Structure formats: structure tokens, C-alpha cells
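Structure first, then comments.
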Amino acid sequence: MSDAPPRRRGRPARDAAPAPTGPGVEAVERALSLLEAFSDDTPRLTLAELAARSGFYPSTVLRLAASLDRFGYMHRDADGRFRLGPKPLRLGTLYRNTFDLAAHVRPTLARLVERSGETAAFYVREGDHRICLYRNNAPRLIRPHLEEGAALPLDRGASAHVLMAYAGAEGVRFDAIRAGQAAMSMGERDPEVAAIAAPVFGRDGRCLGALNLTGPRSRFGEEACAHHAAVILEEARALSRRLGGQYNGPVA
């Protein structure tokens, strides 16, 4: 049964939500059409105004608005008017940060590869996993292989330790990372792979993600690890500054 209001004799029907032009979920598209009803000139709308702009019955608007409210996308004030909730702002900020991030992170990864001879990557936390957001492979035949977008566990690996340290994990290892030391792992996720990582901070002081160097354990001896740790800490500080953040750890 359609939720669009019936056509009344002698009056044109109100505009309904645009018909989808391809595969999609109708309920999601209806909910998004409510969000698009707001504008700079009309940041708060009554139920009648939302119904008029969306073309839906008020009862349908109320059902959709209840779901949007539960997830933080819409809120109804005490006077009955609706407004956008905090979630669209968060998503907009994430989009902006991600958009700006690649232009800064990829050159940093290229420098890390050049200075270390190993593969460099940038990881972010997503729920119970870490995501390889950007990666620059070393120009060597023997190297770990991983694709951008790959999801890895948060309980193993240098970049995982960095992300968990700034998610509030407790322990000597995490305290050392928060004090400014590079994180290291030797064969934790793969017995033949070693990694070194450091955090990157944004404008609000939040850890945006972890820079990571990885390669075969045979190439991560004591001298190489000391060099790689100094390099990645230096690049992490520089990248944090370019992103408007501040790296609080000691100078390597």
C-alpha cells in the first residue's frame, strides 16, 4: 500500500518522494527525503511542513522520524517542531576529514617507503577491527601483501596497539605508546612479519589513525627497528602538524 497521499478532486496531489532510478531500499530513501526537507532558511519544521515537503502522510513522517531520532539524525523539540540531530554533523566532519586526509597521508606513506625501504600504511579503527585505509607497497619482491580496505583484528599488530592505546586500553605497552614511544610487533599476526607504528592526531587532539611500517622479520633487526621507529615518529609528528594536530610524545 502506498504512503503517498491520495489525489483529491479539484486539487493537485502533493509531490511525493522522487521515484528511485535504480536498485535501492524504499524505506531508506523515504527517510533520507525527510532529512533533505531541511534547509538553511528552514532549520526547524512542523509536522505539517515535513509532510508537505516530503509528500508523505503525517503518520508516515512520524514513523520515519522516530527511527531517525533513535539514531541521532533527527530530533523533535518540546514545541513539536523537528530539526536535524547531531549525527549528520558527525558524518559531515568524517567526510571532510577523510577528504582532506588522503592528500596528506599518501605523500607521507611515499616518504616512509623511501626512507625505510619497507611497506607503509595508514590504519583507522572501525568497531572491532582496524582498516587499512591507505597503503604504499615497498618496491621489493619479498614483502607482506595486503589490499587497501582490508579489515584486521585489533588484538594483534603494531597499528592495532596504537589504536587501542588511544581507545583507553590499559597496560604497560599502551602506557608506553601514549608516552610517545613507537609501537612494535614481531610475528603477532603473522609469524614472519614485523611492524612498527605511531599515532596521528587531528585538530581536536583525537587520534585519527596509525602510521605503520611492515616487512619481513628478517629485515627488522635491532638497528633497523631503531631507525624505523625514529623515522615513523618523525613522520607522525609532521603529519599531525599538517592536519592541525599536535604530537605530544618526545622527539625521536
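The values are calculated or read from the model by the stated rules, or taken from the named source; none is laboratory data. All figures in this text were calculated on a predicted structure; none of them were measured in a lab. All Cβ positions, glycine included, derive from the backbone under ideal geometry; neighbour counts span all protein chains shown. The protein model used for the area step is the full one, side chains on, heavy atoms only, and it has no ligands, DNA or RNA in it. Shrake-Rupley method; radii C 1.70, N 1.55, O 1.52, S 1.80 Å.
Given (1) assigned to a helix (DSSP H, G or I); (2) in contact (Cβ under 8 Å) with a residue 24 or more places away in the chain; (3) more than 23 Å from residue 139 (Cβ to Cβ), identify the lone condition not met by residue 237.
Here residue 237 meets the rest and fails (2).
Among the residues that make up segment 138-156, is at least one of them in contact with a helix residue (DSSP H, G or I) (Cβ under 6 Å, 6 or more places away or on another chain) and assigned to a loop (DSSP other than H, G, I, E, B)?
Within segment 138-156, one or more residues are in contact with a helix residue (DSSP H, G or I) (Cβ under 6 Å, 6 or more places away or on another chain) and assigned to a loop (DSSP other than H, G, I, E, B).
When you go through 45, 84, 64 one by one, which is the residue that is out of contact with any Pro (no Cβ under 9 Å at 6 or more places or on another chain) and either under 30 Å from residue 227 (Cα atoms) or open to solvent by 20 Å² or more (accessible area, probe 1.4 Å) (or both)?
64
Could you list, in sequence order, the residues of segment 127-155 that are more than 16 Å from residue 208 (Cα to Cα) and either more than 20 Å from the chain's Cα centre (by Cα) or free of Cβ contacts under 8 Å to residues at least 12 places away in the same chain (or both)?
The answer is 137, 138, 139, 140, 141, 142, 143, 144, 145, 155.
When you scan segment 14-61, how many residues do you find that are at pLDDT below 85 and over 33 Å from the mean Cα position of the chain (by Cα)?
The total comes to 3.
Of the conditions (1) modelled with pLDDT under 95; (2) open to solvent by 30 Å² or more (accessible area, probe 1.4 Å), residue 107 clears all except one; give me its number.
For residue 107, the exception is condition (1).
With the checklist (1) under 30 Å from residue 132 (Cβ atoms); (2) not in a helix (DSSP H, G or I) in hand, flag the one item residue 56 doesn't pass.
With (1) under 30 Å from residue 132 (Cβ atoms); (2) not in a helix (DSSP H, G or I) applied to residue 56, the lone miss is (1).
Name the pairs: first residue in segment 75-97 and closer than 17 Å to residue 34 by Cβ and without any contact (Cβ under 8 Å) to a residue 60 or more places away in the chain, second residue open to solvent by 100 Å² or more (accessible area, probe 1.4 Å) and among the basic types (Lys, Arg), Cβ to Cβ under 9 Å, at least 6 apart or on different chains?
82/76; 83/76
Could you figure out which of (1) under 14 Å from residue 84 (Cβ atoms); (2) buried (at least 18 other Cβ atoms within 10 Å of the Cβ) isn't true of residue 51?
(1)
Across segment 159-175, what is the number of residues that are over 19 Å from the mean Cα position of the chain (by Cα) and under 25 Å from residue 107 (Cα atoms)?
The total comes to 0.
Mind telling me which of the residues 177, 142 ends up being surrounded by 15 or more Cβ atoms within 10 Å (Cβ to Cβ) and not hydroxyl-bearing (Ser, Thr, Tyr)?
On inspection, the qualifying residue turns out to be 177.
Here's a check for you: in segment 62-100, which residue that is within 29 Å of residue 208 (Cα to Cα) and polar (S, T, N, Q) is modelled with the highest pLDDT?
Looking at the filtered set, the residue picked out is 93.
Is it true that residue 210 is buried (at least 18 other Cβ atoms within 10 Å of the Cβ), within 23 Å of the chain's Cα centre (by Cα) and touching a residue at least 24 places away in the same chain (Cβ under 8 Å)?
Yes: the conditions hold for residue 210.
Taking residue 167, is it touching a Pro at 6+ places or on another chain (Cβ under 7 Å) and either part of a loop (DSSP other than H, G, I, E, B) or touching a residue at least 12 places away in the same chain (Cβ under 8 Å) (or both)?
No; evaluated as a whole, the condition is false for this residue.
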